[in-house]
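Quick notes on the structure that follows.
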Amino acid sequence: MTDPAERDAAEEASAFSHPAVAPDASAAYGDHPDQVIDFYAPRGDRAGAPLVVLLHGGAWRAPYDRMHFTPLADFLARRGFAVANVEYRRGSLLPQQGGDGPVAGRWPDTFDDVAAALDALPVLVRDAVPQADPRRTVLAGHSAGGHLALWAAARHVLPPGSPWRTPGPAALRGVVALAPIADFATAVELGVCSGAVLQLLGGEGELRSRGPHADPAALLPTGIATAVVQGRDDIVVPQAVAEAYVDAAAKAGEMVGLTLLEGVGHFPLIDPAADACAVVAEEIAQLAY
């Protein structure tokens, strides 16, 4: 298969073909139905397992929820990790005025939720997955979720006055961002996900004022070990977006690992049937242990 669109469609179909896997426990971190975290215990009831916190993608849009991430959660649990699969509020199901698809994200709700979920996690995980070792926590996210993972790890460097700013860095072993929407300027220039970045921020007029509070490339250095995994054949979030983030990190004096996978598009990174998913698990393990 040589046509990029056909290959991408086939990869997406494979990634979404797996049945949803029910969690071992769930816990709410707020009152909204989307403010929930599903937990997967490490298979074999392994004590002291690293905790992987997953943030799903889907362009911050409502049709894509955490269910498509449950096969990945199960895949990681079978490899000995405790897993927390985070849901958060996303964009409206109704298209924006003059648009032809659902709106991406909610400002500030999407960010409120990710911050609240990460803040609540240390308490919730003790009851939900007692086998987990929170001292070995790795954040991992795909696409828009990759953006959120990078953002959540950078809350301590948010601009002063930000409601999400923390007094110090999160207790993380690291972040693994999978084809992340990690550099807003490049993503906007390339029209990634049909203008999802501008929708997330509330429109083009908000890019200047809200971008510094939301763009991972503007929140560097973080001092937290970070690895980016990217398919070279990704036409959804192209390689240039990841490279722009890595370059921004280097200019800020921080080294971000970049693993480029040949012959891989956007979706194999989260597809348990794909070899790329095993690479992702290894990247997580390298930071966790």
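The values are calculated or read from the model by the stated rules, or taken from the named source; none is laboratory data. None of these values were measured; they are calculated from a predicted model. Cβ placement follows ideal geometry from the backbone for every residue including glycine, while neighbour counts extend to all protein chains displayed. Each accessible area value is taken on the protein alone, full model and side chains, heavy atoms only, with ligands, DNA and RNA left out. Shrake-Rupley method; radii C 1.70, N 1.55, O 1.52, S 1.80 Å.
Could you list, in sequence order, the residues of the stretch 25-52 that are under 30 Å from Ser194 (Cα atoms) and surrounded by fewer than 24 Cβ atoms within 10 Å (Cβ to Cβ)?
His32, Pro33, Asp34, Gln35, Val36, Asp38
For the stretch 135-153, give me the residue count where each residue is over 13 Å from the mean Cα position of the chain (by Cα) and either small (Gly, Ala, Ser) or surrounded by fewer than 18 Cβ atoms within 10 Å (Cβ to Cβ) (or both). Spell out how you get there, then give the answer.
Within the stretch 135-153, the first condition is being over 13 Å from the mean Cα position of the chain (by Cα), and the residues that meet it are 135-137.
Okay, now just the ones that are also either small (Gly, Ala, Ser) or surrounded by fewer than 18 Cβ atoms within 10 Å (Cβ to Cβ) (or both), so 135.
Residues in the stretch 135-153 being over 13 Å from the mean Cα position of the chain (by Cα) and either small (Gly, Ala, Ser) or surrounded by fewer than 18 Cβ atoms within 10 Å (Cβ to Cβ) (or both): 1 in total.
Given Ala187, Ala115, Ala170, which one is within 22 Å of Arg89 (Cβ to Cβ) and buried (at least 24 other Cβ atoms within 10 Å of the Cβ)?
Answer to the selection: Ala187.
Looking at the stretch 210-223, can you tell me whether even one residue there is touching a Gly at 6+ places or on another chain (Cβ under 8 Å), open to solvent by 50 Å² or more (accessible area, probe 1.4 Å) and of a type in the set (D, E, K, R)?
The answer is yes, given that some residue of the stretch 210-223 is touching a Gly at 6+ places or on another chain (Cβ under 8 Å), open to solvent by 50 Å² or more (accessible area, probe 1.4 Å) and of a type in the set (D, E, K, R).
For Ala182, state whether it is part of a loop (DSSP other than H, G, I, E, B), crowded, with 24+ Cβ neighbours inside 10 Å and either at pLDDT 95 or above or among the aliphatic types (A, V, I, L, M) (or both).
Yes.
Look at Thr226 and say whether it is farther than 28 Å from Asp8 by Cβ, among the polar types (S, T, N, Q) and either touching a residue at least 12 places away in the same chain (Cβ under 8 Å) or open to solvent by less than 30 Å² (accessible area, probe 1.4 Å) (or both). Before the answer, list the steps.
Values: farther than 28 Å from Asp8 by Cβ: no; among the polar types (S, T, N, Q): yes; either touching a residue at least 12 places away in the same chain (Cβ under 8 Å) or open to solvent by less than 30 Å² (accessible area, probe 1.4 Å) (or both): yes.
Spelling it out, it is not the case that Thr226 is farther than 28 Å from Asp8 by Cβ, among the polar types (S, T, N, Q) and either touching a residue at least 12 places away in the same chain (Cβ under 8 Å) or open to solvent by less than 30 Å² (accessible area, probe 1.4 Å) (or both).
Suppose we filter the stretch 146-179 for residues that are of a type outside the set (A, V, I, L, M), in contact (Cβ under 8 Å) with a residue 12 or more places away in the chain and not in a strand (DSSP E or B); how many remain?
Number of matching residues: 12.
Considering only the stretch 243-250, I want to know if a residue exists there that is in contact with an Asp or Glu (Cβ under 6 Å, 6 or more places away or on another chain) and surrounded by 15 or more Cβ atoms within 10 Å (Cβ to Cβ).
yes
Have a look at Leu190, Leu258, Leu220 and point out the one that is farther than 29 Å from Ala5 by Cβ and either in contact (Cβ under 8 Å) with a residue 12 or more places away in the chain or more than 18 Å from the chain's Cα centre (by Cα) (or both).
Leu220
What is the residue count in the stretch 15-41 for residues that are over 20 Å from the mean Cα position of the chain (by Cα) and not in a loop (DSSP other than H, G, I, E, B)?
Total satisfying the criteria: 1.
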